[in-house]
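J.: Here it is, the structure in full.
The values are calculated or read from the model by the stated rules, or taken from the named source; none is laboratory data. Worth saying up front: this structure is predicted, and the values here are computed from it rather than measured. So basically every Cβ, Gly included, is an ideal-geometry build from the backbone, and we count neighbours across all protein chains shown.
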Amino acid sequence: MTQLRAHGDSGQAFPIYITVVAGLLFLAFAYLAVGQAAVNRSGAQTAADAAALAAAQETRDRLTDKWLAVLLDPTKWQDIFDGKGSGNDCWRAEQLASDNDAKLRTCFPGLLKYEVTVQTNKPLGDSVVPGIENTKSTESAKAVIEALCEPPGVSAEDDALPQLKCGDKTWRLNPDDKAGLPGPDDLFDVHLATNDEG
């Protein structure tokens, strides 16, 4: 009698065991799907950050070349440090998005800034969540170009080339010493925008 009851109890426990195991497996696959989505979004954000920074750095380098071209005319320095005529280097953002296995969806050049949106080339893939296997992640980023130098107030009549203060360093400019002139990193800082920078 006792043996029959024990045997009957184990028979009742088996469906519960199967249900629990099935539930745990479903949870494991759900967590895997969440992980896949997180990795995909992370890849999209990395591509967006790289694309925005690349475009901004290309513009920074071009502004540096413009500054070197007008080095002997300090009255034109301020326009360059203000980013006037900085152009559009979204082509560079497109290159970096592609290098990170993504596609550039939008690129908006502004005055000393770039805002980009990219989408991953790879979808999320197979998942226990129906309907998302072909979903691609889309993320945005904004890069800012910040002038580090304060052009001195000069007039066209001044003969001597003024010193240029960039942060804590003051440059005594010698047009004949190209190696001794400030470079792109000395003149401009490029970084991803913080929340305060919009």
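J.: If you go through the stretch 59-72 one residue at a time, do you hit one that is crowded, with 21+ Cβ neighbours inside 10 Å and over 30 Å from Ala160 (Cβ atoms)?
T.: We begin by selecting, within the stretch 59-72, every residue crowded, with 21+ Cβ neighbours inside 10 Å; these are 59-60, 63, 67.
Imposing the further condition that a residue be over 30 Å from Ala160 (Cβ atoms) reduces the set to 59.
Scanning the stretch 59-72, I find at least one residue that is crowded, with 21+ Cβ neighbours inside 10 Å and over 30 Å from Ala160 (Cβ atoms), so the answer is yes.
J.: Every residue in the stretch 97-125 that is surrounded by 15 or more Cβ atoms within 10 Å (Cβ to Cβ) and among the hydroxyl-bearing types (Ser, Thr, Tyr), please.
T.: Ser98, Tyr114, Thr117, Thr120
J.: Give me the residue from the stretch 126-150 that is at pLDDT 85 or above and part of a loop (DSSP other than H, G, I, E, B) and, out of that set, surrounded by the most Cβ atoms within 10 Å (Cβ to Cβ).
T.: Taking the stretch 126-150 and keeping what is at pLDDT 85 or above, we get 137-150.
From what's left, part of a loop (DSSP other than H, G, I, E, B): 137, 148.
Numbers: Ser137: 22, Leu148: 16.
The qualifying residue surrounded by the most Cβ atoms within 10 Å (Cβ to Cβ) is Ser137.
J.: Filter the stretch 73-89 down to residues that are surrounded by fewer than 19 Cβ atoms within 10 Å (Cβ to Cβ) and under 20 Å from the mean Cα position of the chain (by Cα) and give me whichever is modelled with the lowest pLDDT.
T.: Residue satisfying both the conditions and the ranking: Gly87.
J.: In addition: Say we look at the stretch 167-188 and pick out the residues that are outside any loop (DSSP other than H, G, I, E, B) and modelled with pLDDT under 95; which of these is surrounded by the most Cβ atoms within 10 Å (Cβ to Cβ)?
T.: Taking the stretch 167-188 as the starting set, the residues that turn out to be outside any loop (DSSP other than H, G, I, E, B) are 169-171, 178-180, 184-188.
Okay, now just the ones that are also modelled with pLDDT under 95, so 169-171, 178-180.
Numbers: Lys169: 11, Thr170: 10, Trp171: 16, Lys178: 9, Ala179: 6, Gly180: 11.
Within the stretch 167-188, the match that is surrounded by the most Cβ atoms within 10 Å (Cβ to Cβ) is Trp171.
J.: May I ask you to verify whether Gly43 is among the small types (Gly, Ala, Ser) and at pLDDT below 60?
T.: Details: among the small types (Gly, Ala, Ser): yes; at pLDDT below 60: no.
It is false that Gly43 is among the small types (Gly, Ala, Ser) and at pLDDT below 60.
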